[in-house]
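For reference, the structure discussed in these notes is given below.
What follows draws every value from the coordinates through simple rules; no lab data is involved. Only a predicted model underlies this, so the values are computations on that prediction, with no experimental measurement involved. Because the Cβ atoms are built from the backbone with ideal geometry, glycine has one as well, and the counts that use them run over all protein chains shown.
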Ligand code: AMP
Ligand code: GLY
């Protein structure tokens with residue numbers, strides 16, 4: 001079967017790497033892809049949000065399945081369009097994508113169906129938001145309603161900070177239309193954990209729990225990023241907490257989406273806070289996380305094409321989805337300047353020196369035009385992730401850190417403490 005994946009980050013590289021192991025895949029395409037992806041798939045120069053061009057391409061090339069793994073294309077209706085064109089698509093519909101693309105939609109859904117989350121109010125007028133801030137105890141969290149590249153949430157330590165954040169979003173147009181409406185919610189105390197599930201709308205299969213590191217600097221300092229590293233499994237996500245999350249969060253969320261007429265299919269990402277009152281939702285994502293996908297897909301035993309097809313066809317058998325009982329970790333190497341404007345165009349060296357059992361998932365790389373073979377330069381903020389599995393989390397992390405030091409490019413930086421707090 002010919003399979004098309006849309007996007008071009010580390011997550012898509014991991015998805016394509018896993019799909020490339022399927023004996024049933026005859027040809028892999030990625031739109032638009034990146035330097036590393038070009039080694040395993042044919043990169044097609046179409047933006048992942050260009051719904052019309054992608055559907056036309058898929059029809060012309062006889063694509064048997066299109067996997068939509070990022071948020072914007074789903075919100076733009078790519079899965080709906082593929083299905084209308086008679087092409088099987090993995091991912092969620094535009095209506096279901098609101099669970100990520102509108103925080104207000106997600107929060108209202110949780111309130112309506114009693115799914116545990118922080119107490120909140122939503123606003124479309126600045127005066128009302130400011131009045132609410134005066135009545136709430138700090139800290140509190142101010143969130144832009146729409147998609148903001150993972151940067152739309154501000155944890156405000158004081159009322160003044162919260163006011164500033166609300167003005168920034170609603171008055172000064174930070175995040176554009178995404179910040180016109182905001183959610184103000186209670187601050188939750190606890191540690192974060194992510195569980196992603198494959199689901200066909202009713203049945204679901206959980207992936208191993210993982211934890212990411214969002215801040216740019218060691219010790220969780222500095223600004224938020226898309227994610228600087230991750231690992232799986234998570235020691236403090238106990239079987240008791242897992243059972244509670246399943247009963248109080250996963251099952252009710254999928255039932256709520258069905259009841260509201262937009263069943264969720266694809267990967268649903270549950271970002272939870274493990275509070276003293278049990279797990280509560282911080283947010284949903286309507287897709288694999290990046291870099292969370294990169295630490296669970298290497299542990300997946302089942303053929304990913306089988307899962308994608310079962311999900312697209314509404315016949316997922318959760319028992320058929322199996323993961324190895326091992327640990328996996330990734331550390332992301334970023335460009336100088338990131339999460340601000342990255343300094344790009346520098347040659348990446350050392351990829352050939354990585355140990356055989358270590359993976360490098362490319363995100364912001366492109367092939368160098370001035371030479372043949374495997375020569376790459378950095379072309380984005382997050383450049384690549386070095387990823388390894390091991391019997392235990394310390395094993396996996398040791399392998400990653402022994403190898404990431406072999407990668408060199410001008411301005412490279414990465415965190416030195418991924419997973420440290422959980423392996424002490
Ligand atoms: P979000 O964009 O909703 O995932 O939020 C980004 C980050 O802000 C999360 O990963 C948390 O670290 C933090 N955060 C968001 N909401 C809350 C909350 N209600 N309480 C505490 N931390 C939060
Ligand atoms: N790493 C967080 C995300 O993919 O949204």
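Distance between the modelled labels on residue 134 and residue 343, one decimal in nanometres: 4.7 nm (7 Å Cα→Cβ projection). Each listed q (0.06, 0.09, 0.11, 0.14 Å⁻¹) maps to a log10 I(q)/I(0) for the chain, found by the Debye formula over equal Cα scatterers with no solvent: -0.23, -0.54, -0.83, -1.39. Kirkwood hydrodynamic radius, region 323-377, all distinct C-alpha pairs: what's the number in Å? When all Cα pairs of region 323-377 are included, the Kirkwood radius is 13.5 Å. Over region 56-95, the hull volume per residue, using the convex hull of the C-alpha atoms, is 58 Å³.
Between the alpha-carbon centres of region 68-94 and region 1-51 there is a gap of 15 Å. Mean sequence separation of contacting Cα pairs (under 8 Å, at least six apart), scaled by the length of region 139-247, corresponds to a relative contact order of 20 percent. Ranked by how many other Cβ atoms sit within 10 Å of their own Cβ, fewest first, the residues 220, 325 fall in the order 325, 220. Each residue in 16, 147, 384 was given a count of other beta-carbon atoms within 10 angstrom of its own, and listing them fewest first yields 147, 16, 384.
If you find the alpha carbon centre of region 224-290 and of region 329-402, how far apart are they in angstrom? For region 224-290 versus region 329-402, the Cα centre distance is 28 Å.
Per the Kirkwood treatment, what hydrodynamic radius in Å, one decimal, follows for region 141-206 from the mean inverse distance over all distinct Cα pairs?
One over the average 1/r among Cα pairs gives 13.6 Å for region 141-206.
With 5 Å bins from zero, work out the P(r) of region 276-373 over every alpha carbon pair and list the percent per bin. In order of increasing distance, the bins hold 2, 8, 13, 15, 17, 16, 12, 10, 5, 2, 0, 0 percent.
Mean residue ellipticity at 222 nm, helices only, the chain: -8000 deg cm²/dmol; runs of at least 4 DSSP H residues each add -39,500 (n - 2.57), and the sum is divided by the number of residues.
Give, in nm to one decimal, the length gained when the segment between residue 221 and residue 251 is fully stretched (0.36 nm per residue of separation minus the Cα-Cα distance).
Working: separation 30, 0.36 × 30 = 10.80 nm, distance 3.49 nm.
Extra length available between residue 221 and residue 251 comes to 7.3 nm.
Rounded, prolate or oblate: which fits region 38-166 when a ≥ b ≥ c are the square roots of the eigenvalues of the alpha-carbon gyration tensor, with rounded for a/c under 1.5 and prolate only if a/b beats b/c? Here region 38-166 falls in the prolate category. In this calculation the C-beta distance from residue 155 to residue 277 is compared with R0 = 22 Å, giving a FRET efficiency of 0.70. Which of 36, 91, 313 moves the most in a Gaussian network model of the chain with Cα springs under 10 Å? Answer for the Gaussian network model of the chain: 313.
Based on other C-beta atoms within 10 Å, arrange 253, 238, 365 from fewest to most. Before the final figure, lay out each step's value.
Numbers: 253 24, 238 11, 365 28.
The fewest-first ordering by Cβ neighbours comes to 238, 253, 365.
Do you know the relative contact order of the chain, to the nearest whole percent, from alpha carbon pairs under 8 angstrom that are 6+ apart? Intermediate values should be presented prior to the final figure.
Values: 1006 pairs, mean separation 69.0, N = 424.
Over the chain, the number comes to 16 percent.
What is the diffusion coefficient of region 4-63 in µm²/s, taking the Kirkwood radius over Cα pairs and the Stokes-Einstein relation at 37 °C with a viscosity of 0.692 mPa s?
On the way: Rh = 11.4 Å.
So the translational diffusion coefficient is about 287 µm²/s.
Ratio of region 143-252's C-alpha Rg to 2.2 N^0.38 Å, to two decimals? Could you put the intermediate results ahead of the total?
Details: Rg = 16.7 Å, N = 110, 2.2 N^0.38 = 13.1 Å.
Normalised by 2.2 N^0.38 Å, the Cα Rg of region 143-252 equals 1.27.
When the gyration tensor of region 212-340 is built from Cα positions, what are the square roots of 5 times its three eigenvalues, in whole Å, from largest to smallest? Mind showing how you got there, number by number?
Values: eigenvalues 145, 74, 53 Å².
Semi-axes, largest first: 27, 19, 16 Å.
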